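Here's the structure, in structure tokens; my notes come after.
Values in this text are rule-based calculations from the coordinates and carry no lab data. Please read these numbers as outputs of a predicted model, since none were measured by experiment. Here Cβ is always computed from backbone atoms with ideal geometry, including for glycine, and neighbour counts include all displayed protein chains.
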Amino acid sequence: MSKKAKGVISNQLRKKRFEKDEMTQQELAKAIGVTRQTIAAIEAGKYSPSLEVAFCLSDIFSSPLDELFQWQANDSDTSKV
Amino acid sequence: MIFKNSNFSEQTAWISVIFTLVIAWYYANGITQLEGTFASHAEQIVALWASTIIASIIFVIIAFTILAVIRKVNGDGEDISLIDERDELIEARATRWAYYNLSTCIIILFVHIFCQGVITNYPFFTNVPPIDFLIHGLMFSGLLVEFVLRATQIYRYRKAA
């Protein structure tokens, strides 16, 4: 029996960037070694980063992961087994 | 503008899509000017391959020069060697689609050659010998696979992941 995770990941990246001296997407991208377009995609909720990138972001903003990323499960989908 | 909001991998994919269309047109145009089959006029087909390779090199030099100028004008100083996890994910997904496509093309080529050999009055490409069909078919399959690969990449980049 398997259960496929369905839900939406939201994030506070944009807010955290502005709180950190209005850091630009380019500066953040350079700090963690990804392209600016990847940061833009993460902020727009269109791309979920790997755990490695998520932990790097957590480190840069000195925030725990669950403060940066939030998971909202879609109950109707997760109940299907 | 698309180029202003894209990274180097996506820009390269755009160039490759245009490249495959131009080279497919060039090669198809060359085929229509061939006067014989591979068995009787092999040198013509080899010359067509050589000219296609030269045309490809010229196209790539011009396209990447234009891209370098556009990037400079836009002030895009991003490291072009930087390929991140999103680029790799998009390429992996696109490659899967491209190789489904390649497998299908190869199966179609061999089924056609088999049918041409065993079915009397087989209606398709009756005047094209199997070896010629295979040679040109593989060339177009390669271009189609490259087109699907790069078009899928562009679609994924535009969709964001």
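Amide H of A:GLN70 versus every other amide H placed in the peptide plane: which residues, excluding those fewer than 5 positions away on the same chain, fall under 5 Å?
For A:GLN70, whose amide H was placed from the backbone, the distant partners under 5 Å are A:SER10, A:ASN11.
Which of A:LYS16/B:LYS159; A:LYS16/A:LYS46; A:LYS30/B:LYS159; A:LYS6/A:LYS30 have a Cα-Cα distance over 21 Å?
A:LYS16/B:LYS159; A:LYS30/B:LYS159; A:LYS6/A:LYS30
Per residue of region B:83-96, what does 6.51 cos²θ - 1.76 cosθ + 1.60 with θ = phi - 60° give for ³J(HN,Hα)? Whole Hz please, x for Gly and Pro, Karplus curve as stated.
Working through the residues one at a time gives 10, 9, 5, 5, 4, 5, 5, 5, 5, 4, 5, 5, 5, 4 Hz.
What are the ³J(HN,Hα) values, in whole Hz, obtained from phi via the Karplus relation 6.51 cos²θ - 1.76 cosθ + 1.60 with θ = phi - 60°, for each residue of region B:31-38 in sequence order, with x given for Gly and Pro?
Per residue, the Karplus-derived 3J(HN,Hα) values read 4, 5, 8, 5, 9, x, 9, 4 Hz.
Counting only helical runs of four or more DSSP H residues, what would the 222 nm mean residue ellipticity of chain B come to if each run contributes -39,500 (n - 2.57) and the total is spread over all its residues?
Rounded to the nearest 500, the figure is -27000 deg cm²/dmol.
Can you tell me, using C-alpha contacts under 8 Å and at least 6 residues apart, the relative contact order of chain A as a whole percent?
It comes to 52 percent, rounded to a whole number.
For the protein assembly as shown, report the translational diffusion coefficient in µm²/s to the nearest whole number, using Stokes-Einstein at 20 °C, 1.002 mPa s, and a Kirkwood Rh over Cα pairs.
98 µm²/s
Where Rh is the Kirkwood radius over the Cα pairs of chain B, the temperature 10 °C and the viscosity 1.306 mPa s, what D in µm²/s does Stokes-Einstein return? Please list the in-between numbers first.
Values: Rh = 18.0 Å.
Translational D for this selection: 88 µm²/s.
Read phi for every residue in region B:99-111 and hand back ³J(HN,Hα) as whole Hz from Karplus 6.51 cos²θ - 1.76 cosθ + 1.60, θ = phi - 60°, with x for Gly and Pro.
Using θ = phi - 60°, the values come out as 7, 4, 5, 4, 4, 4, 4, 5, 4, 4, 4, 6, 5 Hz.
log₁₀ I(q)/I(0) of region A:12-68 at q = 0.14, 0.27 Å⁻¹, via Debye over equal Cα point scatterers, no solvent, to two decimals?
-0.30, -1.31
What spacing in nm lies between the two simple spin-label points modelled at B:LEU21 and A:LYS20, each 7 Å away from Cα in the Cβ direction?
Here the answer is 4.1 nm between the modelled labels.
Enumerate the amide H contacts of A:GLY7 below 5 Å, restricted to partners 5 or more residues apart or on another chain; note that Pro and chain-start residues carry no placed amide H.
Amide H neighbours of A:GLY7: A:ASN74.
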